[in-house]
Amino acid sequence: IRQIKNLLSIPVIGNGNILSREEAFHMQDKTGVDGLMVSRGALGNPWLFRQIKEKNFEVDLDIWLSGVLQHIAWQAKAYEKPEQARFAAVCMRKHILWYVKGWPKARFIRDKINKLDDIKFAKEIILEFASVLKDSDSGLFIRRTTEENCEGRFTWDPKFEMDRSYDRAVCSDHL
């Protein structure tokens, strides 16, 4: 990419596998690109853009909890009819799985998330998870999405872990 960048007079944008602030800086340093495109890296981490812009910004538990609860509230409002509660929950599963990625003890709630069948229980699951994190002795209240070196990649991908049969069936519901 750096060689192409040096040959062109137009801006060159780098993308692909920008899953963390470190990987964004790595892309810029190694290639000299004029800008970055972030896609999958923002799944479960919409704060990534701010982390790239503000080098010292960290997603702590309070910031994370506020964002996830807001997303759940938006989902519940978008599907507020009682008969839509299951549809809202099924659609929200994959997002919650992405949100919990990178936190210690996330594996303990994945099963609950995969079985979520009513959006009103999503908030309870997340609050319980946050409580477990606060009560843990790990002292880790900063979300980590990848290894500190930019060669690290996700080792667990929620899109493969979630209940795909429900996710694929969404289109047939015509909601």
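The values are calculated or read from the model by the stated rules, or taken from the named source; none is laboratory data. Because the structure is a prediction, the values reported are computed rather than measured. Ligands, DNA and RNA are stripped out before the accessible areas are found, and what is left, the full protein with its side chains, is counted by its heavy atoms. Shrake-Rupley method; radii C 1.70, N 1.55, O 1.52, S 1.80 Å.
Probe radius 1.4 Å, ligands and nucleic acids left out: which of ILE125, ILE1 has the largest accessible area, and how do the rest follow? Kindly include the intermediate steps, with their values, before the conclusion.
Numbers: ILE125 20, ILE1 100 Å².
Ranking ILE125, ILE1 by accessible area, largest first, yields ILE1, ILE125.
For the pairs LYS94/LYS123; LYS101/LYS123; LYS53/LYS123; LYS94/LYS115; LYS30/LYS53, flag any whose C-alpha to C-alpha distance is greater than 23 Å.
Values: LYS94/LYS123 15 Å; LYS101/LYS123 17 Å; LYS53/LYS123 30 Å; LYS94/LYS115 11 Å; LYS30/LYS53 18 Å.
Among LYS94/LYS123; LYS101/LYS123; LYS53/LYS123; LYS94/LYS115; LYS30/LYS53, the Cα-Cα distance tops 23 Å for LYS53/LYS123.
Could you state how much accessible area SER9 has, in square angstrom rounded to the nearest 10, with a 1.4 Å probe and all protein chains kept in place?
120
With the Cα gyration tensor of the stretch 1-142 giving a ≥ b ≥ c as the square roots of its eigenvalues, does the rule (a/c under 1.5 for rounded; else a/b larger than b/c for prolate; else oblate) give rounded, prolate or oblate? Write down the numbers at each step before the final one.
On the way: a/c = 3.00, a/b = 1.84, b/c = 1.63.
Prolate, since a/c reaches 1.5 and a/b exceeds b/c.
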